[in-house]
Amino acid sequence: MSKQDNVAVQFLKTWRGYNKGEVAGFPAEQAEALVNGKVAEPYSSVKKPATKQEKGAATGKPPVANQTTADGKGTGDGSDKSPDDNGAGTGGADDDRP
């Protein structure tokens with residue numbers, strides 16, 4: 001019995017027990033049928049994950065920079081500190097609770 005080489009494909013949509021995005025190996029004829037049927041695409045293991053910049057370019061949206069609100073109180077850095085650096089985490093709310 002000879003060993004059959006498999007061809008890796010990445011699914012573009014759900015097919016049988018496979019979900020979109022999954023990678024699986026099939027005999028060359030089956031892999032070709034999946035690709036021709038637009039169910040999967042050939043998979044190359046040298047594909048690297050997209051960087052944040054590439055993802056932004058793909059969506060057409062510019063990357064979000066640190067921003068402040070109109071009153072200058074927003075930190076825009078995702079921290080939980082208040083603008084007064086007291087750690088209250090109010091994010092610039094106008095109430096002064098202890």
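Multiply the residue separation of LYS52 and GLU29 by 0.36 nm, subtract the distance between their alpha-carbon atoms, and state the gained length in nm to one decimal.
Working it through step by step, the gained length comes to 4.6 nm.
Between ALA8 and GLU41, what length in nm is gained on full extension when 0.36 nm per residue of separation is reduced by their alpha carbon distance?
Roughly 11.0 nm would be gained on extension.
Coordinate-derived values only; no laboratory data. In this text, all values refer to a predicted model and were calculated from it rather than measured experimentally.
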